Structures are given as structure tokens and as C-alpha cells.
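The values are calculated or read from the model by the stated rules, or taken from the named source; none is laboratory data. Please read all numbers here as calculations on a predicted model, not as lab measurements. Counting neighbours? That spans all protein chains shown, and the Cβs are built from the backbone with ideal geometry, glycine included.
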């Protein structure tokens, strides 16, 4: 084969290989971009359960079935006599998004003289909520800067009136926690326990999250 013909053939082969490589790279980039876009549009349904543990004797209130494994764990590890579900907060968050809630509720830990004038002031925040895969390929939900705080009414005494009935003295005390956690998708986990109230009651935070169906 003449040198010029050989040169043309080699150049043609190199150009063909270059075009094929660019097409493959372009397809891979498009597939990766589509996968990233799909992941970014994923929504997660989150559930925060506020469980109140008490040293007062009494039967446990009926809990949602999803919390039965958690309740079993609490009974085996904490010395409280009874548990009740105070609140369930359900929210939808975009994968990679954040969540911030503030609300007023009845007293989480009820003082002896609790009324509608002694509510609790609560705040729940997640700085970043993201779904990732662990080393075994299982879906893990990561919560960066999970934060819960509450200002709860505590009865600290009774006022003495010269003429008329005595009145309870109610002070507001702050409690809360901030942490980073990871958990398996759809499995509720105990985030933390906050002791509150002079009677030794506690607020137990239980969290779960899973991909939204639609």
C-alpha cells in the first residue's frame, strides 16, 4: 500500500475511533445527568414521634404499630413505668432539602395545674436531609443538624394570696438537642431522650423517613 493511502486509512480510523468515543462519553454524561436529576427530584416522607415517658404507674397508651419495636427497646433500656404518644409530625422534604417547624401545643410535660394558658412552644429543624447508599448498597437517610427544642411549663410552687385562693407558679424551662444521625430507610430510630419536669418524666424523640410513593 502506498504511503499516502496508508496515511489516509490511519487518519480515517483515528477519526472514527474519536467520534465513537465522544458518542459514548456523551451518552454516559446524559445518563448520569438524568440519574442525578431523578435523584434530586426524590421526595422523602418524614415522621417525628414525641413519646412521653413517665414514672407514674399506669398502662402504656396504644401506640402505632410502627413504634412497637421502639417501645420494646425503651422498656428494656429505660426505667420508666409508662409511655404515651404526645404528637406525630408528618412532613415531606425534597432529597437534599431542609425542614423547619415551629408550633404551639398543649404541655408536653403536664404540670399539676396545667391549663390552656400553659402551652409548650416547640421547634423542629433538619438542616439537610439526604438519601445515600451504604457500603452494602442499602438506602440510608442522613440527617445533618437534626434539632429539636421546647419551652415547657413547670410548676415551681404556689403563690400565697392574702385574700382569695392561691395560684400555681409556672415557669418555662428550655430543653432540646442537636445531633447528626443516619438511619435505614423506613425504620424508626430513637434520636434522643430529654429529661424534663420535677417528677422525672422524659421526652423521647423517635424519627423515621422513607421515599415518597409519588
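Conditions (1) within 30 Å of residue 57 (Cβ to Cβ); (2) touching a helix residue (DSSP H, G or I) at 6+ places or on another chain (Cβ under 9 Å); (3) outside the structural domain of residue 92 (by TED's automatic domain parsing), marked per residue:
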| position | (1), (2), (3) |
| --- | --- |
| 147 | no, no, no |
| 163 | no, no, no |
| 174 | yes, no, no |
| 190 | yes, yes, no |
| 204 | yes, yes, no |
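Tally the residues that are part of a strand (DSSP E or B) and more than 17 Å from residue 57 (Cα to Cα), restricting the search to the stretch 73-98.
11
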